[in-house]
Amino acid sequence: MKIGYARVSTLEQNLDLQRDALQKAGCGRLFEDKASGSSSQREGLAKALETLREGDTLVVWKLDRLGRSLKHLVETVQQLESRGIGFKSLQESLDTTTSGGKLVFHVFAALAEFERDLIRERTQAGLAAARARGRQGGRPKGRDEAKRAAAIALSQDKSRPIKDICTMLSISRTSFYRYTNGQ
């Protein structure tokens, strides 16, 4: 059975074009979402994936309707493949139920892995170069000694609420405790 999945990014957008294409492609059931592709909470996709059985094919109008990123797309299709489920994208003419479609998809997967490796290598090289110049990564401590001293002095007056001290010094409650616990 062919099961279709359609998605638009905003509530104002219309699913008609995708619905028509999926129905024309022979999809017996359609699942839909009106959510950003970057959203991991896509109820329609979750229901579609749950409904699919071995031998079924998930059909989308376009690749970007399924995956949040190339990595996510590759992972999703690989999970489908491991369950014996095919994948078809109408716009890209990609069909993993055929030998050629599998080949093209595996080339996509290899390119995605290559891209991830390059990003990881560049990041590691950048961090090593920064360390060689004496720079440390991470967020600066943000310790303001004047505010620390003021917080300690004001905390001695037990009648003054911590909330008021934080407001006066423009610091968070977390910063207040960080400043005063190390007295």
For the range 58-160, give me every one of the helices (runs of 4 or more DSSP H) that falls completely inside it and has 1 or more residues that are within 28 Å of the chain's Cα centre (by Cα) and surrounded by fewer than 11 Cβ atoms within 10 Å (Cβ to Cβ).
70-82, 99-132
Name, by its number, the condition in (1) part of a helix (DSSP H, G or I); (2) open to solvent by 60 Å² or more (accessible area, probe 1.4 Å); (3) in contact (Cβ under 8 Å) with a residue 24 or more places away in the chain that does not hold for GLU54.
(1)
For the range 12-27, does any single residue satisfy the condition of being part of a loop (DSSP other than H, G, I, E, B), of a type in the set (S, T, N, Q), out of contact with any Gly (no Cβ under 7 Å at 6 or more places or on another chain) and over 29 Å from GLU113 (Cα atoms)?
yes
Before we move on, is SER172 farther than 30 Å from SER69 by Cα, without any contact (Cβ under 8 Å) to a residue 12 or more places away in the chain and open to solvent by less than 60 Å² (accessible area, probe 1.4 Å)?
yes
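Name every residue in the range 1-46 that is open to solvent by 30 Å² or more (accessible area, probe 1.4 Å) and β-branched (Val, Ile, Thr), in order of residue number.
Going residue by residue through the range 1-46, those that are open to solvent by 30 Å² or more (accessible area, probe 1.4 Å) are 1-2, 9-14, 16-17, 19-20, 23-24, 26, 28-30, 32, 34, 36, 38-41, 43, 46.
Within the range 1-46, THR10 is the sole residue that qualifies.
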LEU90 is checked against (1) in contact with a helix residue (DSSP H, G or I) (Cβ under 9 Å, 6 or more places away or on another chain); (2) closer than 24 Å to LEU49 by Cβ; (3) without any contact (Cβ under 8 Å) to a residue 60 or more places away in the chain and fails just one. What number does that condition carry?
(3)
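The values are calculated or read from the model by the stated rules, or taken from the named source; none is laboratory data. Computed from a predicted structure; not experimentally measured. Quick reminder, even Gly has a Cβ in these numbers, built from the backbone with ideal geometry, and neighbours come from all protein chains shown. With ligands, DNA and RNA removed, areas are computed over all heavy atoms of the protein, side chains included. Shrake-Rupley method; radii C 1.70, N 1.55, O 1.52, S 1.80 Å.
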